[in-house]
Every structure is written in structure tokens, then in C-alpha cells.
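Notes to accompany the following structure.
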Amino acid sequence: MQTTEKVTGIILKAEPIGEYDKRVVILTGEKGKIAAFAKGARLKNSRLLAATNPFCFGTFTLFHGRSSYSITEAEISNFFAVLREDYEAAFYGMYFLEVMDYYTHENIDEKKMLNLLYQSLKAVSHPSYENQLVRYIFEIKALVLNGEYPGVPERAGERWSETCLYTLDYIANTSIEKLYNFTVSSEVIAELATICAVFRHRFIDKAFKGQEILDSL
């Protein structure tokens, strides 16, 4: 008898397989990052056609075969449609997906990482938020959740501003749901950019395509 289970997650990436199928990577709260096949998902009349694209957030029904998962149903509650219309926001969103693909693993409780990704995608989808600030909050909080946040780095020749130090403390210690409820000056955003560049050099050993695009904007 075939058994299925439901997971809640966000599609991190999708690629074509064969003539009609897709292979997707989903960040789930229950099983961490998993790969799954969606048979027939590239057919025009497939119920999985729209549900197996990057950014899709919802509930996925999985069948666990001998060596892989297959998606049998999907109920999408947020397609993040804005990210398909706003190119700059989309670049930020794709970068967030890349970072989560790098950080997360299978069979690990990734509920907090999933929540961070969801809230960050919501933030860049909203026109009132400063996308650069969202990026740096995301990068710092991801380090915190991954247990790698080293605290405030040293700054040669001068000190970080008090506002910057307060912002770092707030990001590190506040709940994910309250991360994106403040703004700071362009000077503080510049300080955060410097700090995040230090962190990326220290803790991330690969280049992201999305980072290259964002750095060129």
C-alpha cells in the first residue's frame, strides 16, 4: 500500500527532467531540504505546473519511494507573484533561495530557516521596505540560526556607530516575525554592508550568482 505524507515548504529551485517532469528542491520545516520529482509537471494541463516553481510556498503531499520523493499534490498559499514582476526584488529573492540551499540540510529541523526565508521574501515583495536592509538582516540572522554568528567584528581605525551596534544586537536577538519592522539611515546600511561582506568572506566558501547580480545593481 502506498503511503503519503504532507510537508510545508518553499521551492528553492526546479529543473526539467526528461520531456515532461521536474525535479525540485524544497526547504521544508519537517524534513529540512529535500529533493522531489514532479511527474508531468511540465505539461500544460498539469495541476503541478504552477506549483513547482521557485518561491512557491505551501503544503506538498509526498510519496516516498525506494530512493526518492515524488510530489502527488500541492496546495500553494503564496506564489510570491510580485517577484515575477519586480526584477530587482526577484534578484534579492533568488539570492535568498541560493543562500538557503547552501545552509540547509536533509533530516534536520529547519522550521526557523524556513520562517526566515518566508518573512524575507515577504519583505522584499513589499515596496515600503529597503531591499538592501532586508538582505543584510537576512544574512546576519541566517548566521545566527546556523550557530555561526561571531558577534560584532573589529573595525580597523574606527568604531561602528551606536545605531549599527544596536541594530546588530536587535537582529541577533529578536524573533524572526519582528525582524522587518524598522528602518535605518543609509550610513548604517553601509556599515551593515561592510559587516556582511566580512561575514561572507569568513563563513561562506562559494560564490552565489545572485550575489554577483545584487553587487552590480
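Elements of the type helices (runs of 4 or more DSSP H) sitting completely within the stretch 116-217 and holding at least 3 residues that are closer than 19 Å to residue 82 by Cβ and not aliphatic (A, V, I, L, M): these cover 131-145.
Residues of the stretch 87-114 being in contact (Cβ under 8 Å) with a residue 40 or more places away in the chain and small (Gly, Ala, Ser), which ones? Result: 89, single match.
Look at (1) under 16 Å from the mean Cα position of the chain (by Cα); (2) closer than 24 Å to residue 166 by Cα; (3) surrounded by fewer than 20 Cβ atoms within 10 Å (Cβ to Cβ) and you find that residue 98 fails only one, number (2). The residues on offer are 156, 123, and the sole one that is small (Gly, Ala, Ser) and closer than 18 Å to residue 57 by Cβ is 123. Out of 212, 187, 191, which single residue is open to solvent by 80 Å² or more (accessible area, probe 1.4 Å) and more than 30 Å from residue 54 (Cα to Cα)? Within the list 212, 187, 191, the selection yields 187. Just one of (1) under 26 Å from residue 192 (Cα atoms); (2) more than 17 Å from the chain's Cα centre (by Cα); (3) at pLDDT 95 or above fails for residue 153. It is (3). Cβ separations smaller than 7 Å between residues 6+ apart or across chains give the following pairs from the stretch 117-142 residues that are in contact (Cβ under 8 Å) with a residue 24 or more places away in the chain to residues that are open to solvent by 50 Å² or more (accessible area, probe 1.4 Å) and among the hydrophobic types (A, V, I, L, M, F, W, C): 125/82. Take the residues of the stretch 131-164 that are among the hydrophobic types (A, V, I, L, M, F, W, C) and open to solvent by 60 Å² or more (accessible area, probe 1.4 Å): which is nearest to residue 100 (Cα to Cα)? That would be 152.
Entry remark, the stretch 36-76: residues being among the small types (Gly, Ala, Ser) and exposed (fewer than 14 other Cβ atoms within 10 Å of the Cβ) number 4 in total. Look at the stretch 156-182: where a residue is farther than 20 Å from residue 132 by Cβ and a partner is open to solvent by 20 Å² or more (accessible area, probe 1.4 Å) and modelled with pLDDT of 95 or more, sitting 6+ places away or on another chain with Cβ atoms under 9 Å, you get 159/165; 173/144; 177/115; 177/119. Scanning the stretch 103-115 for residues that are assigned to a loop (DSSP other than H, G, I, E, B) and either modelled with pLDDT of 95 or more or farther than 21 Å from residue 173 by Cβ (or both) yields a count of 5.
Just give me the residues in the stretch 22-32 being open to solvent by 50 Å² or more (accessible area, probe 1.4 Å) and at pLDDT 95 or above, in sequence order. Of everything in the stretch 22-32, just one residue is open to solvent by 50 Å² or more (accessible area, probe 1.4 Å) and at pLDDT 95 or above, namely 23. Of the residues making up the stretch 5-20, those that are part of a strand (DSSP E or B) and touching a Leu at 6+ places or on another chain (Cβ under 9 Å) are 5, 6, 7, 8, 9, 10, 11, 12, 13.
The values are calculated or read from the model by the stated rules, or taken from the named source; none is laboratory data. If you're wondering where the values come from, they're calculated on a predicted model, not measured in any experiment. So basically every Cβ, Gly included, is an ideal-geometry build from the backbone, and we count neighbours across all protein chains shown. Side chains are part of the model used for accessible areas, which takes the heavy atoms of the whole protein and leaves out ligands, DNA and RNA. Shrake-Rupley method; radii C 1.70, N 1.55, O 1.52, S 1.80 Å.
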